[in-house]
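The values are calculated or read from the model by the stated rules, or taken from the named source; none is laboratory data. Because the structure is predicted, anything quoted here is derived from the model rather than measured. In this analysis, Cβ positions are derived from the backbone assuming ideal geometry, glycine residues included, and neighbour counts consider all displayed protein chains. Quick note on the areas: whole protein, heavy atoms, side chains included, nothing else; ligands and nucleic acids left out. Shrake-Rupley method; radii C 1.70, N 1.55, O 1.52, S 1.80 Å.
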Amino acid sequence: MIFSKIKATGAYVPEKIVTNDMLSQYVDTSDEWIRSRSGIERRHFSDGENTSDIAAKAAIEILKNGNINPLDIELIIVATVSPDYTTPSTACLVQSKIGASNAVAFDLAAACSGFIFGFSTADKFIKSGVYKNALIIGAEVLSKHLDFNDRSTCVLFGDGAGGVFLQASEEECGVLAEELGSDGSRGMSLTCAEKKASNLFNQAEEAKDSFLHMDGRTVFDFATRQTPKCILRLIEKSSISADCLKYVIPHQANSRIVEVISKKTKIPLEKFYMNIAEYSNTSAATIPIALHEMMQKELLQQGDYILMAGFGGGLTWGGLLVKI
Ligand code: 4VN
């Protein structure tokens with residue numbers, strides 16, 4: 001049996017830090033409001049770099065950390081809902097920027113679950129023997145889609161990129177169990193950049209804007225109901241008990257949601273890694289940025305079991321139980 005081992009991790013966030021206080025000079029909000037309702041203290045905003053630029057910087061960091069030659073990369077998946085273009089894909093732009101000319105590259109759109117869906121997809125390519133390795137990156141420049149007149153949403157999101165390099169391995173490691181799901185019927189509660197069907201013969205009215213719109217209540221309720229179920233099912237499916245988990249890495253959407261998930265799953269809050277204070281919600285990038293930070297802090301060692309859980313736009317959810 002072939003497994004997909006995490007050979008290296010990496011991340012990159014734009015240098016520009018925007019604190020809650022800085023934001024409240026432009027938006028009718030306050031540090032107190034943002035901090036108490038979401039756990040966010042600051043976020044990083046692009047100063048002109050686009051999604052492929054920050055994704056490529058994260059990729060270069062991953063290659064450096066794993067001492068990997070870009071020409072050896074066989075598959076590149078970029079999970080993003082804020083691509084530079086519809087085509088070329090962000091993954092193709094990254095391929096070119098890092099010189100991975102032997103790789104096949106494509107984007108995957110699953111919003112906040114994108115990194116989990118991408119990791120799962122790459123794992124199947126590796127387990128089937130089709131590819132021996134894969135670079136999976138979650139990258140978003142959400143600041144370009146924020147409506148700074150919508151104070152309930154624009155304070156919650158930021159920019160960043162992170163990822164992993166997976167390699168075929170004979171030892172039991174990588175994805176040991178997974179639980180992915182979608183509910184398109186509730187998809188309209190989180191939308192970004194609608195494109196209307198309009199042409200010479202059928203002139204639909206233009207889409208109003210390309211902003212990220214969120215019905216926070218609905219998405220919040222979804223996350224607090226669906227994510228605990230997903231985590232409990234995932235643990236049940238696997239042969240690993242919750243006590244054996246070193247850490248849970250949840251999508252960093254809101255620290256209060258994580259408190260609910262902890263209560264409902266009876267997994268102690270201390271096991272949930274959180275860094276939303278620093279980066280806010282970077283959608284597909286939150287989980288790989290957190291994973292890389294944990295590796296750098298040496299919070300994770302070979303053989304440790306972790307559970308990663310994404311949930312959000314689509315609506316989608318996905319959990320992976322991974323052995324480092
Ligand atoms: C998952 C979730 C969220 C999300 C939804 C709502 C929300 C985050 C609404 C109420 C507000 C505080 C903030 Cl749960 C977003 C995504 C997208 O990645 C995924 N915060 N809030 C308040 O308290 O009034």
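The table below lists the values:
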{"read-out": "Whole-Hz couplings from phi, Karplus 6.51/-1.76/1.60, listed for segment 314-320; x for Gly and Pro", "value": "x, 6, 9, 8, x, x, 10"}
{"read-out": "Rounded accessible area per residue of the chain, 1.4 Å, Å²", "value": "44"}
{"read-out": "J(HN,Hα) series, segment 164-179, from Karplus relation 6.51 cos²θ - 1.76 cosθ + 1.60, nearest Hz, glycine and proline x", "value": "9, 10, 9, 9, 4, 8, 8, 6, 5, 6, x, 6, 9, 7, 8, 8"}
{"read-out": "Percent of beta bridges antiparallel (DSSP, the chain, rounded to nearest 5)", "value": "70"}
{"read-out": "5 angstrom amide H check on Val248, placed H, neighbours 5+ away", "value": "Phe272, Tyr273, Leu307"}
{"read-out": "Three-way shape call for segment 140-186 based on the alpha-carbon gyration tensor, with the a/c threshold at 1.5", "value": "oblate"}
{"read-out": "Separation of alpha-carbon centers, segment 2-40 and segment 185-248, rounded to whole Å", "value": "19"}
{"read-out": "Cα-derived Rg to Rh of the chain, Kirkwood definition", "value": "0.96"}
{"read-out": "Three-way shape call for segment 168-324 based on the alpha-carbon gyration tensor, with the a/c threshold at 1.5", "value": "prolate"}
{"read-out": "Relative packing of peptides 220-231, 135-146 - highest average C-beta neighbours within 10 Å first", "value": "135-146, 220-231"}
{"read-out": "Helix-only [θ]222 nm of the chain, DSSP H runs n ≥ 4, -39500 (n - 2.57) each, per residue, nearest 500", "value": "-9000 deg cm²/dmol"}
{"read-out": "Carbon plus sulfur fraction of accessible area for the chain, probe 1.4 Å, in percent", "value": "50"}
{"read-out": "Sparse-neighbour loop sites [chymotrypsin sites (Phe, Trp or Tyr not before Pro); segment 82-185; at most 13 other C-beta within 10 Å; DSSP]", "value": "Tyr85, Phe148"}
{"read-out": "Amide H within-cut-off set for Asp147, under 5 Å, with H built and near neighbours excluded", "value": "Leu212"}
{"read-out": "Nonlocal amide H pairs with Gly313, under 5 Å, H built at 1.01 Å", "value": "Cys112, Ser113"}
{"read-out": "Principal axis dimensions, largest first and in whole angstrom, of segment 156-248 by Cα", "value": "58, 33, 27"}
{"read-out": "Phi-based couplings in Hz for segment 186-196 (Karplus 6.51, -1.76, 1.60; Gly and Pro marked x)", "value": "10, x, 5, 6, 8, 10, 8, 6, 4, 10, 6"}
{"read-out": "Shape category assigned to segment 86-173 from the gyration tensor of Cα positions, a/c cut at 1.5", "value": "prolate"}
{"read-out": "Segment 220-304: GluC sites (Glu not before Pro) in DSSP loop, at most 13 other beta carbons within 10 Å", "value": "Glu298"}
